[in-house]
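The values are calculated or read from the model by the stated rules, or taken from the named source; none is laboratory data. Since the structure is predicted, the reported quantities are computational estimates derived from the model, not experimental observations. Cβ sites come from the backbone with ideal geometry, for glycine too, and all protein chains shown count toward neighbours.
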Amino acid sequence: MTLENSFHGRTLTTLAATGQDHFHELFQPLTPGFVSVPANDIEAVKKAVTDNKVCAVMIELIQGEGGVNVLTNDYVKDLSELCKKEDILLLIDEVQTGNGRTGELYCYMNYGIMPDVITTAKGLGGGLPIGACLLGEKVQDIFAPGDHGSTFGGNPIACAGALTVIGRLTPGFLSEVKAKGEYLKMSFTGAKGVESFAGMGLMAGIRPTGDLAKIMNELIGKGVLALTAKDKLRLLPALNIPFEDLKKAVEIILSVLEENA
Ligand SMILES: Cc1ncc(COP(=O)(O)O)c(C=O)c1O
């Protein structure tokens, strides 16, 4: 089971897991067996568990491509307890939220839960191509050496990069990420041209009152590269961005949002 509006990747089975039909169109037939339910609705999970033979639940704690939608604390705690009670594996997709992005090493640590499996990539490599799947106690013996592999999997250069990244994610560094995130929240919440702000750490989504595509293009013209996610401007700056640079970017974004309000 996964969530509607989720995004889990472009390999065939993660595409099947992705709860957005339009991603599926060109890639039929997909791996069967996935159902998706609306986010932040524990009753929908209970119903899916009763109606289907659910063996595992996979979620993003903050839906990235889906529009920077942060799952609520109560929902995540209830889901985690339900999974434990029903002997369902809880998988957290930390491809985007992991490796310090939210100010904790992994985003699940903000919720006080313990997942069975975590997938992670992106920031792990600091630009080099690497992904990892972390297995908790319940599934630790599922794979034996040689059960799974890939041509470039575990290559020494990407692994050296990942070790350097992990080595830099110290408590001091992570608290700076949190402070920068608080600064973003404080700067954009209630600002002119901002309908809403959502995010955690350095993963932020701003729903503008003005035209999103126009705002993004104007930002590019002023030297700020932002992304979009659904109807939001998405900010995912480098975690080591100096505060001064972050301030400069925020000032530019605020002025463009205001001009387009
Ligand atoms: C939450 C999440 N999971 C997984 C992926 C991996 O996608 P891909 O298979 O394209 O590397 C992404 C990429 O954007 C993502 O945001």
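Below are the figures for this structure:
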item	result
Selected residue (only one of Pro208, Pro171, Pro242, Pro156 is surrounded by 18 or more Cβ atoms within 10 Å (Cβ to Cβ) and modelled with pLDDT of 95 or more)	Pro208
Scope the stretch 35-58; condition within 16 Å of the ligand (Cβ to nearest atom) and surrounded by 18 or more Cβ atoms within 10 Å (Cβ to Cβ); matching residues	Ser36, Ala39, Val57, Met58
Those residues of the stretch 106-133 which are surrounded by fewer than 18 Cβ atoms within 10 Å (Cβ to Cβ) and more than 18 Å from Ala160 (Cα to Cα), in sequence order	Met109, Gly112, Met114
Number of the condition not met by Lys138 [criteria: (1) at negative phi; (2) in a loop (DSSP other than H, G, I, E, B); (3) of a type outside the set (S, T, N, Q)]	(2)
Strands (runs of 3 or more DSSP E) fully within the stretch 156-261 counting 1 or more residues that are free of Cβ contacts under 8 Å to residues at least 40 places away in the same chain and in contact with a Phe, Trp or Tyr (Cβ under 7 Å, 6 or more places away or on another chain)	194-200
Condition met for Leu71 (more than 20 Å from the chain's Cα centre (by Cα) and either within 16 Å of the ligand (Cβ to nearest atom) or in the same structural domain as Pro237 (by TED's automatic domain parsing) (or both))	no
Failed item, numbered, when Phe152 is tested on (1) part of a strand (DSSP E or B); (2) within 16 Å of the ligand (Cβ to nearest atom)	(1)
Residue in the stretch 189-198 that is of a type in the set (Phe, Trp, Tyr), within 18 Å of Leu61 (Cα to Cα) and touching a strand residue (DSSP E or B) at 6+ places or on another chain (Cβ under 9 Å) present	yes
Matching residues, the stretch 2-34, being at positive phi and either modelled with pLDDT under 95 or more than 10 Å from the ligand (Cβ to nearest atom) (or both)	Asn5, Gly33
